[in-house]
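These notes concern the structure reproduced below.
Bear in mind that the values in this text are calculations on the coordinates, not laboratory data. None of the values given here were measured: they were computed from a predicted structure. Note: ideal-geometry Cβ built from the backbone for every residue, glycine included; neighbour counts use all protein chains shown.
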Amino acid sequence: MMLQDILLPEFIKIDMEAEDKDEAFEELVDHYCQADKSDFHDEILKAIIAREAKMSTGIHKGIAVPHGKTNAVKNIRGVLGISKKGIQYDSLDGEPVYLLFMIISPLEDSEKYLQLLKHLAELIEIPQFRNELQVQKDSVSACKVIRKFEEMLFTEEE
């Protein structure tokens, strides 16, 4: 499973308004529920918050990967949020985050979920990926960046 399979333009939020982690979760879940016409806002938010309570998903280099598992979704879903001003996130490095990759998975989809998180971890190690994604002005352009780097990095493995 690739990010480009779940991060379609409608699931990308450019210019996030959130200033802190709680606002960011709310904004990302709201965006997802509107785009996917989901009535499971509270269940999804609860799964994200429960996972975050274990340890911050603000990993490093201005990136956070809030994620959770819930049967409120039937398939793995995701939302990318891009913040120009940065979000105070209680990150492991203490720095604000600018790219937030929210991943939501059904409880039984562990293998695909872990594979997707592994792919994301490999992508965010590429400085050019992070830099290009952060400056995108619309969701279609952000999708093109994701596709470009996934094809470059994972085509040989598939």
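Going residue by residue through the range 112-126, is there one that turns out to be surrounded by fewer than 19 Cβ atoms within 10 Å (Cβ to Cβ), in contact (Cβ under 8 Å) with a residue 24 or more places away in the chain, in contact with a Leu (Cβ under 7 Å, 6 or more places away or on another chain) and part of a strand (DSSP E or B)? No, the range 112-126 contains no residue that is surrounded by fewer than 19 Cβ atoms within 10 Å (Cβ to Cβ), in contact (Cβ under 8 Å) with a residue 24 or more places away in the chain, in contact with a Leu (Cβ under 7 Å, 6 or more places away or on another chain) and part of a strand (DSSP E or B). Could you tell me how many of the residues in the range 74-105 are surrounded by fewer than 21 Cβ atoms within 10 Å (Cβ to Cβ), within 16 Å of the chain's Cα centre (by Cα), of a type outside the set (S, T, N, Q) and in a loop (DSSP other than H, G, I, E, B)? The qualifying residues number 2.
Is there a residue being farther than 28 Å from Phe154 by Cα, touching a residue at least 60 places away in the same chain (Cβ under 8 Å) and surrounded by fewer than 18 Cβ atoms within 10 Å (Cβ to Cβ) anywhere in the range 60-73? Checked the range 60-73: no residue is farther than 28 Å from Phe154 by Cα, touching a residue at least 60 places away in the same chain (Cβ under 8 Å) and surrounded by fewer than 18 Cβ atoms within 10 Å (Cβ to Cβ). Residues that are in contact with a strand residue (DSSP E or B) (Cβ under 9 Å, 6 or more places away or on another chain), over 21 Å from Ile59 (Cα atoms) and hydroxyl-bearing (Ser, Thr, Tyr) within the range 111-158 comprise just one, Ser139.
Summed over the range 1-60, the residues that are touching a strand residue (DSSP E or B) at 6+ places or on another chain (Cβ under 8 Å), part of a helix (DSSP H, G or I) and small (Gly, Ala, Ser) give a count of 4.
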